[in-house]
1. What's the magnitude of the charge dipole for chain B around its Cα centre, counting Lys and Arg as +1 and Asp and Glu as -1 at the beta-carbon? Answer in Debye, nearest 20.
2. Any idea what the relative contact order of chain B is, in percent, if you count C-alpha pairs under 8 Å spaced at least 6 apart?
3. At 222 nm, what helix-only mean residue ellipticity would the protein assembly as shown give, in deg cm²/dmol to the nearest 500, using -39500 (n - 2.57) for each DSSP H run of four or more?
4. Stick to the Cα atoms of the protein assembly as shown, pair each with every other, and give me the Kirkwood hydrodynamic radius in Å at one decimal.
5. Rounded to whole Å, give me the distance from the Cα center of the stretch C:330-352 to that of the stretch C:46-94.
6. Let me know the charge dipole size of the protein assembly as shown about its Cα centre in debye, to the nearest 20, where only the beta-carbon of Lys, Arg (+1) and Asp, Glu (-1) is charged.
7. Can you send over the solvent-accessible area of C:Tyr249, 1.4 Å probe, protein chains only, in Å² to the nearest 10?
8. Using the Kirkwood radius built from alpha carbon pairs, what does the Stokes-Einstein equation give as D for the stretch B:206-314 at 4 °C and 1.567 mPa s, in µm² per second?
Amino acid sequence: MAEPKKSDETVDATPNVTEIVQQDASTTSEVEAILDTRVDRGEPILQVRNLVKHFPLTSGILVKKQVGAVKAVDGISFDLYQGETLGIVGESGCGKSTVAKLLMTLEKATAGEVFYKGQDITKLSGRALKAVRRNIQMVFQDPYTSLNPRMTVGDIIGEPFDIHPEVAPKGDRRRKVQELLDVVGLNPEYINRYPHQFSGGQRQRIGIARGLALNPEIIICDEPVSALDVSVQAQVINLMDKLQGEFNLSYIFIAHDLSIVRHISDRVGVMYLGKMAEIGTDEQIYEHPTHPYTQALLSAVPVPDPEAREHRERIILSGDIPSPANPPSGCRFRTRCWKVQDRCSTEVPLLAIPERFQGLDSPVAHESACHFAEEKDVVGAA
Amino acid sequence: MPDMTKTAPEAEAIEDALAPPAVKAEKARSLWGDAWADLRRNPYFVVSSVLILVLLVIAAFPGWFTSASPTTGDLVHHYLGKPELSKVGSAEWLGYDVQGRSVYARLIHGTRASIIVGISVTLLVTVIGGLIGMIAGYFGGWIDALLSGFITNVFFGIPFLLGSMVVLQSFTSRSVWVVSLALAFLGWTQIARVMRGAVLTIKQADYVHAAKALGASTSRILFRHILPNAMAPVIVVATISLGVFISAEATLSYLGLGLSSPAISWGVDISGGIAQIRTAQHIMLYPSIMLSITVLAFIMLGEAVRNALDPKMR
Amino acid sequence: MSIIDTTKTIPAPRGDGEHQGPLLEVRDLHVEFHTRDGVAKAVNGVNYSVNAGETLAVLGESGSGKSVTAQAIMGILDMPPGKIPQGEIFFRGEDMLKMSAEERRKVRGRKIAMIFQDALSSLNPVLSVGYQLGEMFRVHQGLSKKDAKARSIELMDKVKIPAAAARVNDYPHQFSGGMRQRIMIAMALALEPDLIIADEPTTALDVTVQAQVMDLLAELQREYNMGLILITHDLGVVADVADKIAVMYAGRIVEQAPVHEIYKRPAHPYTKGLLASIPRLDQKGQELFAIKGLPPNLLKVPTGCAFNPRCTMAQDICSTDVPVLHPVAEQDGTELVGRGSACHFWKETIHG
């Protein structure tokens, strides 16, 4: 891979944050909170503001009538900085994969904005969108369905160059593909093989090579190792770590495995039913969680050490995740929360640094969407 | 930033990962190549493809198999005369029809009509049905509602043979091409449905999302990613339908709505022999056998292809 | 969990009562699959045993043969292409591989039950869960429709499905993933088997639900004094519930140990590598240790120790001699009960 940084990208002005505040007053504190946490990281490369995705539920055969909506993503905001990894964790149905698709503009957002270098990509189409796509790429969960089984590895990794011919001149492409194979740790001679001739871990490397081909700045990873064997997961995680440094990549790392997310992420956001419950640095989230859902989630993770296990407090939640088509009023977690009070069913808790922790110079002072946020160490960190 | 400095041992691990001995030994194997390797070992495939090959040669070069004329009869050869089964390949081998024409010669020369109708109808329905199914499946929404919900279902609701009869009724002269068009006009719905189903599944696959994420154009997604993966079930259905279309042509000809004399076709011969069914069964027996073998060969081929392409088998 | 709380009433052991040995014993089991590309040796001489009330965790990655062994025990291997060229599976002292199909069928479901990973595809979508649960009683115990339904509700209560009586007529798709897995557990429990084989029972579930289901399984096992074989790839899940662990690699058991010890002091380089390669929730790790290379190709299992191409400790002997499962001892020679390691260099692995 050649030049690590693109120079032809014009950096537009950052989005007008005050304008957003005017548009939606309820989010004032969220936006302010985000402004607060912006310390010497420079400009965010990606800014997500009040992103919403509702999938309509329709009934009727001839005349379709909307009877409701699955609120897969219901107003989330976060920033991604150059060179960092933001982990997003949550259980199935929390909307984390929909977030990935929205950021990739594979789904159309119902509302909200995603600013890439100041440009709202949810409003783009055609040529402008194609240009942005060069810079935001994706690595998929399932290495068995993310590669076209009827194309050779060379064609799969070379496809980005077919679509964006300006990136690599034609005669240069085979060499570039071989370079990419080498970068991800595969033998460049495998260029004419087909995906089914590789193991899961090797396929995931092919998927990563395809993601790297256009030399993007951001890679969205949707459960990139959850389909792999334990012994191979570590190889792929280490590879992603290495590539991040080499190409100055920013990752959004979406996963359900909290241990892996902690390992790879600088900051972590916890999602529940389409909302962000808590967001902060890995230390803030794992060692000083203040949202009860984060605490329950962390305490449920089995730790491969029976002795550490015995010292940990376990919070076993009752019941299942409610349907995103009909989420609870107020705080979405209240139906499973042990701290629930009347206020929780009427008032939606905002994602902000809880009042009682504001101004504290302590890791507990991070954004948490709970009326009764308090610290609880459930991991038993040494 | 998480530990960005740690790269050295990792590189080593990956280097070693590259060279699993088992992978090194194998060559590039495409899925089509694998299917072909399976097919070659399937006795049904071997038998049916040899049969089909022979039929194709007969259709192309009938002169290689008989010198007798299929059209000029000589009443010297009485149709009640017994077939001379020992004289394989001669004009009198399978006996004569009422007009004194060699049944064998007509059998050989009739092959072409069946094969042409079978192949051209299949090509037409694959293109028409394939396109409609692909567009309906990929674009969905109102396009799907119109193409598959309305048009396909309306055509599907028309009985295939009855509909073809009505269409053909409006033509006074009916060549193989007219018959082919009539059959294709009503016969594309199954392919369209199969194609739409396959496309609906495949468009959900992550490699399609990946192509979109790269900024691929719709035509690239359709023809490079979706079509090659949706072809397998379509090929199976098309192969089996080929036999079905051949028998449909024979049926129509038998009913007097397809080809008719002086055209030579198995259906015409079966129809011509039906009057003599009590006295000279051979006149309709041999064309019927020929027809059955041909249809069977294509159905067998389709089944063999289905087994080879079925991803569950690998 | 290995010691049963004797203050509780333990159900009297069921079965013939004469048999003294382990509930289930697998001896030198081999399974191979004949494929187009050759013979895949999925299981190459596995030995393990489970007692009543005991939980054996079989840990392995894909292709390790952990699920194939379980299928062979259940008698649900597809044969062909599967084949069992060698081995014995004793259930209460009787070799099930020598039983007639009819005898086997009687054991299956009644004495040994299985829980699968994917509850949705294991349940029939067009029949209500009450009907499917009741079927067990109607077919095996000849209960009437009404009685069977009553028993179904009882079972659903047992696995803590809320409002069981109201939901007994619901269909599988109306339940959440965790609830469906509970129904699977209820079905396995229906005939009060002596042994339950759970193949990745919580892998498809969310982590908060996973904990609920594992707890339920452990509780029921205690209550019924069943043997449990837990097949998983997740070192974390195992740590919670198992009494002993068998680690499989390329169709062989490479290490066997009581659960606490294996995490503290692994005696096989593969186990050691696995433990080092998983990120820990309670530690912000530096670089992960990665076991190099790929899981073995079963068509071409490496000679000698199957792990040798990936092993950091491999020497010449490792590619020529197949290591047997050595008993593992302390440095001073006192044997560690229940431990074994199939490594030529187990001493170096555990002690140094």
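The values are calculated or read from the model by the stated rules, or taken from the named source; none is laboratory data. Since the structure is predicted, the reported quantities are computational estimates derived from the model, not experimental observations. Cβ placement follows ideal geometry from the backbone for every residue including glycine, while neighbour counts extend to all protein chains displayed. Accessible surface is based on the protein model in full, side chains and every heavy atom, while ligands, DNA and RNA are left aside. Shrake-Rupley method; radii C 1.70, N 1.55, O 1.52, S 1.80 Å.
1. Details: 22 positive and 18 negative charges, 84 e Å.
For this selection, approximately 400 debye.
2. 22
3. For the protein assembly as shown, the value works out to -12000 deg cm²/dmol.
4. 33.1
5. 26
6. On the way: 102 positive and 112 negative charges, 859 e Å.
Its charge dipole is roughly 4120 debye.
7. For C:Tyr249, the solvent-accessible surface is approximately 10 Å².
8. 76
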